Amino acid sequence: MTPRPNVVLLVFDTLRADALSCYDDDAVETPNLDRIAESGTRFESAFSAGAWTPPAHGTLFSGLWPSNSGFQGNMPTMDDDVPLLADRLRDAGYDTYGVSGPSKMASPTNLDRGFDWYYEPWDHVAERPSVEWFEQLLTDDSVRRDTFRLFTRGNDYYNELRIEKFLDALGGAESPFFGMMNLTTVHAPYDPPRPYKTDRTPSLSRPPLHVFEELLTPGRIEDDSVRDERVFAVADGKRSNNIRFRYYDDDSYVSDEELAIVREWYRASVEYLDDQVGRILGWFDERNLTDDTVFVLTSDHGEYFGEHGLLYHSVGLYDEVLRVPLIFAGPGVPTGSRREDLASLADVFATVCALSDVEAPETDGIDLFGPERRDHVVAERAYTEHGNPEAESEVSEETLAWMRVGRKSIRTEDYRLELRSDGSSSLYRLPSQEEVVDPDPDVVSDLRDRLTAEVDDEFNRGDGDGDEREYSDAVQRNLRDLGYLG
């Protein structure tokens with residue numbers, strides 16, 4: 001029997017497909033990610049099942065659309081009866097290792113089920129400064145290195161620490177291993193370490209060391225056409241709900257010039273991410289593991305930079321937030337292949353099982369290297385009243401309604417139909433994403449039937465907390481840092 005391959009699933013939080021040079025000629029150069037794409041198969045039309053972390057990861061881990069797994073909304077909990085990829089691979093003899101990105105993946109969500117080891121940096125690294133943190137400085141080399149990077153190069157929000165812990169864990173595996181890691185490198189705050197950010201914006205004047213930025217000033221942008229405080233606030237992301245609401249209500253809240261700088265900092269974060277991917281690939285090369293490992297590279301969702309009047313993510317179901325990179329490489333994967341057919345994060349479960357010679361449960365996905373091909377993909381966003389009281393008092397009722405409404409969408413090569421919890425619907429022509437003013441009733445009826453056959457037409461509330469499990473202070477601190485809590 002041929003030995004099973006190792007499997008590594010890298011999820012790059014908030015990474016748009018068009019941010020990579022293997023997907024778009026106008027993107028920054030990403031040679032390490034391109035290397036994987038060239039050695040395997042790249043899916044050009046891959047889409048997430050949700051516009052933010054919970055529904056996207058629920059589908060990625062279960063192979064089920066959000067409605068069918070029940071994992072959607074603000075802080076859901078995955079039902080114990082839903083088979084998960086890590087569970088299935090562990091049952092087949094794999095050692096399983098996971099590293100959480102945002103705390104929307106914290107262990108109370110049950111997304112850690114099936115992992116022998118699950119690293120959550122906000123629970124393992126004490127808040128700075130504190131007695132516990134100073135103790136870790138004395139006893140943990142990884143925390144010491146992370147602190148040195150913070151003071152000199154800037155805050156990378158534990159991404160290099162995650163990688164270090166992840167590779168150390170994989171190095172101790174005794175069986176074929178499955179490793180999953182989410183990296184929040186390109187998630188707001190768009191603040192990669194020096195010199196990435198400065199190189200992208202020569203007009204940015206900064207103190208000589210990052211510690212002075214933390215204590216004194218983040219610097220200034222030597223351009224009188226932009227408001228420094230607005231640029232830094234948008235890039236920081238801690239008030240993303242507030243900013244998102246206001247921008248949708250009035251797009252002068254952030255000017256085009258200010259948004260262009262923020263976009264450059266996002267691109268700088270992508271360059272930093274690619275260098276970290278190179279570090280991971282180098283570790284596998286040095287240990288002669290690359291040829292024995294299936295690599296799966298993807299994202300949970302994209303990001304808006306003013307398209308459709310939107311910023312950040314979690315709202316709307318447009319391509320900018322749903323189209324994601326999806327790259328497979330390794331044993332059993334065709335090399336140098338570029339696929340144009342539709343693919344979904346729901347397909348990763350079945351595809352990984354097939355490449356690992358592990359029996360997959362019934363899911364909403366397909367084996368992407370099997371004979372079946374997709375003619376549609378599905379995405380959802382639960383109805384929610386979760387918002388931001390400060391912003392809600394200053395924007396229109398129309399904006400509030402648009403932000404809260406539940407959405408279910410089906411996408412084919414030619415059209416996207418969106419049904420909403422308020423009873424409205426829209427048909428969009430692709431790839432332009434223009435709304436069809438006078439849609440063909442037969443087209444709408446056919447797409448509606450296909451969509452409701454997948455996920456029915458019921459809209460669940462999405463602002464609850466599952467079974468009301470307790471979330472630690474550290475988890476809540478991470479949610480605030482990422483802009484999910486006011």
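Computed values, structure above
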item: Extreme residue, surrounded by the most Cβ atoms within 10 Å (Cβ to Cβ), among residues of the stretch 414-430 that are within 16 Å of E320 (Cα to Cα) and basic (K, R); result: R416
item: Candidate set: the stretch 405-440, residues that are without any contact (Cβ under 8 Å) to a residue 24 or more places away in the chain and among the hydroxyl-bearing types (S, T, Y); chosen: the one farthest from N74 (Cα to Cα); result: S432
item: Among the candidates G302, G316, residue that is at positive phi, under 20 Å from the mean Cα position of the chain (by Cα) and assigned to a loop (DSSP other than H, G, I, E, B); result: G316
item: Search result, residues across the stretch 237-271 that are surrounded by fewer than 22 Cβ atoms within 10 Å (Cβ to Cβ), closer than 30 Å to I163 by Cα and among the aromatic types (F, W, Y); result: none
item: Every residue from the stretch 23-40 that is touching a helix residue (DSSP H, G or I) at 6+ places or on another chain (Cβ under 8 Å) and either surrounded by 23 or more Cβ atoms within 10 Å (Cβ to Cβ) or not charged (D, E, K, R) (or both); result: Y23, A27, V28, T30, P31, N32, L33, I36
item: Sole residue being modelled with pLDDT of 75 or more and either in a helix (DSSP H, G or I) or basic (K, R) (or both), chosen from D375, D422, D449, D457; result: D449
item: Subset of the stretch 85-129 [small (G, A, S), under 16 Å from A169 (Cβ atoms) and modelled with pLDDT of 95 or more]; result: A86, G98, G114
item: Looking only at the stretch 378-399, and only at residues there that are farther than 18 Å from G50 by Cα and surrounded by fewer than 18 Cβ atoms within 10 Å (Cβ to Cβ), the one that is modelled with the lowest pLDDT; result: P389
item: Filtered residue count, the stretch 6-22, keeping only those that are surrounded by 23 or more Cβ atoms within 10 Å (Cβ to Cβ) and either assigned to a loop (DSSP other than H, G, I, E, B) or in contact with a Cys (Cβ under 6 Å, 6 or more places away or on another chain) (or both); result: 5
item: Matching entry among S252, S240, S314, S299 (being among the polar types (S, T, N, Q) and touching a Ser or Thr at 6+ places or on another chain (Cβ under 8 Å)); result: S299
item: Qualifying residues in the stretch 431-460 (those that are more than 21 Å from G70 (Cα to Cα) and in contact with a helix residue (DSSP H, G or I) (Cβ under 8 Å, 6 or more places away or on another chain)) - the one surrounded by the most Cβ atoms within 10 Å (Cβ to Cβ); result: Q433
item: Given (1) of a type in the set (A, V, I, L, M); (2) modelled with pLDDT of 95 or more; (3) crowded, with 24+ Cβ neighbours inside 10 Å, number of the condition V82 does not satisfy; result: (3)
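Matching residues to (1) under 25 Å from E257 (Cα atoms); (2) over 21 Å from the mean Cα position of the chain (by Cα); (3) at pLDDT 75 or above:
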| site | (1), (2), (3) |
| --- | --- |
| Y157 | no, no, no |
| K165 | no, no, yes |
| M180 | no, no, yes |
| P189 | yes, no, yes |
| P193 | yes, no, yes |
| R200 | yes, yes, yes |
| L209 | no, yes, no |
| V234 | yes, no, yes |
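The values are calculated or read from the model by the stated rules, or taken from the named source; none is laboratory data. Source: prediction; values computed, not measured. Because the Cβ atoms are built from the backbone with ideal geometry, glycine has one as well, and the counts that use them run over all protein chains shown.
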